[in-house]
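The values are calculated or read from the model by the stated rules, or taken from the named source; none is laboratory data. Note that the structure is a prediction, hence the values are computed from the model and not measured. A quick note on method: Cβ atoms are made from the backbone with ideal geometry, for glycine too, and the neighbour counts reach across all protein chains shown. Only protein heavy atoms, including side chains, enter the accessible area calculation; ligands, DNA and RNA are left aside. Shrake-Rupley method; radii C 1.70, N 1.55, O 1.52, S 1.80 Å.
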Amino acid sequence: MDIIQAKDYTEMSKLAADLLVKHINNTKSPILGLATGSTPIGLYKELVKRYKQSEISFKHVTTFNLDEYVGISRSNPNSYHYFMNDNLWKHIDIDLANVNIPDGMADNLEKECIEYEERIANQPIDIQILGIGLNGHIGFNEPGTSFDSRTHIVELDESTREANSRFFDSLDEVPKQAITMGIETIMKAKKVILLVSGKAKATTLAKLISNEEVTPDFPASVLRKHKDVTIIADEEAREKIKL
Ligand code: GLP
């Protein structure tokens with residue numbers, strides 16, 4: 001795993017945007033895996049800026065999002081669909097027919113998971129953007145998730161619901177389930193870019209790059225087995241590691 005040392009959140013976002021802009025501009029039909037959470041917001045802002053400066057076009061870009069809550073509609077501001085539209089899609093020239101995000105309102109959630117996985121298998125992801133949860137979750141793959149998992153329905157950890165409750169009016173409103181790409185799905189991406197920012201993630205990052213075992217108890221540890229992972233971490237997130 002390579003680590004790019006960013007000074008702060010702004011620089012982390014710009015460095016990630018540089019990598020994506022370069023890839024998009026050098027690839028005929030780029031396929032990106034996207035993430036939600038607060039971490040990639042700066043990256044999306046930067047991509048919108050570069051689009052507005054005509055450095056980049058998303059016309060031929062396809063995207064797959066990592067995850068979506070179950071039971072909240074696309075028009076709900078807390079849905080990841082709404083988040084993506086608000087932070088990225090509505091500002092750029094992407095063809096909405098090429099954006100993919102699991103449907104957490106599907107009548108048949110199992111079928112939705114299978115079909116989502118098939119779509120990714122047919123259009124393999126070039127670069128997957130990831131954030132990381134405090135407990136090491138990636139996407140919504142909580143500790144204990146099998147490394148051979150594909151897109152599936154998850155019961156969210158109470159700690160994850162609490163962490164994400166800051167976006168909702170109350171903890172009660174945070175969904176208890178989500179659909180997420182599995183660990184195997186994520187590992188199939190040709191390249192992974194993991195963004196880590198802020199003091200709160202320092203222990204998590206230290207654990208990730210330690211030589212501890214690769215274990216489903218800390219899902220992100222699986223990334224040590226991936227051939228092409230770039231971590232972009234800011235100073236605060238690197239507080240507990242020596243490079
Ligand atoms: C959520 C998302 C993850 C994200 C994590 C961390 O649980 N499903 O994809 O990485 O939160 O979020 P944040 O970036 O806000 O710390």
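Below are the figures for this structure:
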read-out	value
Selection status of ALA202, within 19 Å of ILE3 (Cα to Cα), open to solvent by less than 20 Å² (accessible area, probe 1.4 Å) and over 17 Å from the mean Cα position of the chain (by Cα)	yes
Unique residue being open to solvent by 10 Å² or more (accessible area, probe 1.4 Å) and either within 16 Å of the ligand (Cβ to nearest atom) or under 14 Å from the mean Cα position of the chain (by Cα) (or both) when the list is ASN25, ASN98, ASN65, ASN87	ASN87
Pairs where the first residue, in the range 64-89, is farther than 16 Å from PHE140 by Cα and the second is among the basic types (Lys, Arg) and assigned to a loop (DSSP other than H, G, I, E, B), C-beta under 9 Å, 6+ apart	TYR82/ARG74; ASN85/ARG74
Exclusive hit being within 16 Å of the ligand (Cβ to nearest atom), in a loop (DSSP other than H, G, I, E, B), in contact (Cβ under 8 Å) with a residue 24 or more places away in the chain and not hydroxyl-bearing (Ser, Thr, Tyr), set GLY37, GLY33	GLY37
Members of the range 126-136 that are buried (at least 24 other Cβ atoms within 10 Å of the Cβ) and either of a type in the set (Ser, Thr, Tyr) or touching a Phe, Trp or Tyr at 6+ places or on another chain (Cβ under 9 Å) (or both)	GLN128
Within the range 53-98, tally of residues that are touching a Ser or Thr at 6+ places or on another chain (Cβ under 8 Å) and within 17 Å of THR180 (Cβ to Cβ)	10
Contacts under 8 angstrom Cβ, first residue in the range 219-236 being assigned to a helix (DSSP H, G or I), partner open to solvent by less than 60 Å² (accessible area, probe 1.4 Å) and charged (D, E, K, R), 6 or more apart	PRO219/GLU142
Residue check for PRO216: outside any helix (DSSP H, G or I), within 13 Å of the ligand (Cβ to nearest atom) and surrounded by fewer than 21 Cβ atoms within 10 Å (Cβ to Cβ)	no
Flag for SER170 being touching a helix residue (DSSP H, G or I) at 6+ places or on another chain (Cβ under 8 Å) and polar (S, T, N, Q)	no
Single residue of SER75, SER165, SER159 found to be at pLDDT below 95 and away from the ligand (no atom under 15 Å from the Cβ)	SER75
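Yes or no, residue by residue, for (1) within 15 Å of the ligand (Cβ to nearest atom); (2) touching a residue at least 12 places away in the same chain (Cβ under 8 Å); (3) under 22 Å from ASP217 (Cα atoms):
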site: GLY133; (1), (2), (3): yes, yes, yes
site: GLU173; (1), (2), (3): no, yes, no
site: LYS176; (1), (2), (3): yes, yes, yes
site: LYS188; (1), (2), (3): no, yes, yes
